[in-house]
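These notes concern the structure reproduced below.
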Amino acid sequence: MHILVIEDQQKLADNIRQFLELERYAVTVAHDGKDGLEKAMTHEIDLLILDINLPGLDGYAVCSMLRQNKKNMPILMLTARGQQKEIVHGLNIGADDYLTKPFELDELLARVRALLRRNGKEKSPTLATGEILLDTNTREVRKGERKVDLSPKEYALFEFLLRNKGTAQDRPKIIEHVWGGRDELLFSQTVDVHVAYVRRKLGKKAIQTVPGKGYLVPVD
């Protein structure tokens with residue numbers, strides 16, 4: 001799952017990113033409305049966490065432009081404001097939920113999971129290939145009766161490929177979904193190394209290489 005966070009308070013944005021990455025989500029961060037809108041328009045985003053008070057374009061403008069351009073990802077708005085009319089305005093222009101600062105990260109996570117379920121992204125908690133089972137609720141992976149301990153990035157990589165079973169994913173797309181498309185990773189062998197780690201734990205056949213196209217989890 002790829003989450004975009006548009007939040008101008010860098011410390012808060014970093015805290016949200018680190019927390020969600022520990023929960024094995026891929027997270028991209030933007031610190032102003034213009035950059036965030038561009039990322040939301042050009043990346044494949046499963047959910048947007050959007051602050052209202054942003055430099056450049058405010059959260060209302062970003063939300064309105066996304067909906068006008070038929071971008072239907074769930075939007076969770078963050079704001080220090082708590083006035084009813086502002087909450088209503090955000091919901092009327094296309095936001096799906098609203099969270100007032102300050103908030104607990106556990107509450108944020110609960111809202112994120114609820115929005116993803118509502119949007120059909122997490123309807124089925126269990127993904128499977130062969131004897132490998134992945135539970136998206138508990139983030140637990142099993143091969144037969146054996147529990148397999150994957151790191152957060154290994155889990156995010158395998159979940160992304162498993163959700164797209166049978167379709168090869170190239171390295172840039174994997175980087176976008178698992179690492180948030182951070183530039184310093186674009187020319188590294190990070191994807192290949194993590195694929196090797198997953199294969200070591202789940203077996204060589206868990207992830208197949210498609211020459212010239214990338215990696216895939218095979219259809220049973």
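The values are calculated or read from the model by the stated rules, or taken from the named source; none is laboratory data. This structure is a prediction, so every number in the text was calculated from the model and none was measured. So basically every Cβ, Gly included, is an ideal-geometry build from the backbone, and we count neighbours across all protein chains shown.
Odds and ends about this structure:
- Single unsatisfied condition, Asp135 versus (1) surrounded by 16 or more Cβ atoms within 10 Å (Cβ to Cβ); (2) at pLDDT below 90; (3) over 19 Å from Ile49 (Cβ atoms); (4) of a type in the set (D, E, K, R): (1)
- Candidates Glu154, Glu122, Glu176, filtered to the one that is under 25 Å from Val5 (Cα atoms) and at pLDDT 90 or above: Glu154
- Residues that are assigned to a helix (DSSP H, G or I) and crowded, with 20+ Cβ neighbours inside 10 Å within segment 144-161 comprise Glu154, Tyr155, Ala156, Leu157, Phe158, Glu159, Phe160, Leu161, listed in sequence order.
- Looking at Gly56, Gly90, just one residue is assigned by TED's automatic domain parsing to the domain that holds Leu12, over 18 Å from the mean Cα position of the chain (by Cα) and in a loop (DSSP other than H, G, I, E, B), and that residue is Gly56.
- Scanning segment 143-162 for residues that are more than 13 Å from the chain's Cα centre (by Cα) and touching a residue at least 24 places away in the same chain (Cβ under 8 Å) turns up Lys143, Val148, Asp149, Leu150, Ser151, Glu154, Phe158, Leu161, Leu162.
- Flag if Leu50 is in contact with a helix residue (DSSP H, G or I) (Cβ under 9 Å, 6 or more places away or on another chain), buried (at least 16 other Cβ atoms within 10 Å of the Cβ), outside any loop (DSSP other than H, G, I, E, B) and not hydroxyl-bearing (Ser, Thr, Tyr): yes
Results for (1) within 30 Å of Leu150 (Cα to Cα); (2) of a type in the set (Phe, Trp, Tyr); (3) at pLDDT below 90; (4) assigned to a helix (DSSP H, G or I), shown as yes or no for each residue.
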site: Asp8; (1), (2), (3), (4): no, no, no, no
site: Leu66; (1), (2), (3), (4): no, no, no, yes
site: Met73; (1), (2), (3), (4): yes, no, no, no
site: Leu76; (1), (2), (3), (4): yes, no, no, no
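- Test set (1) in a loop (DSSP other than H, G, I, E, B); (2) among the aliphatic types (A, V, I, L, M); (3) buried (at least 16 other Cβ atoms within 10 Å of the Cβ) - Val219 fails condition number: (3)
- Checked against the criterion of being in contact (Cβ under 8 Å) with a residue 40 or more places away in the chain, closer than 30 Å to Cys63 by Cα and exposed (fewer than 14 other Cβ atoms within 10 Å of the Cβ), segment 118-126 contains one or more residues that satisfy it.
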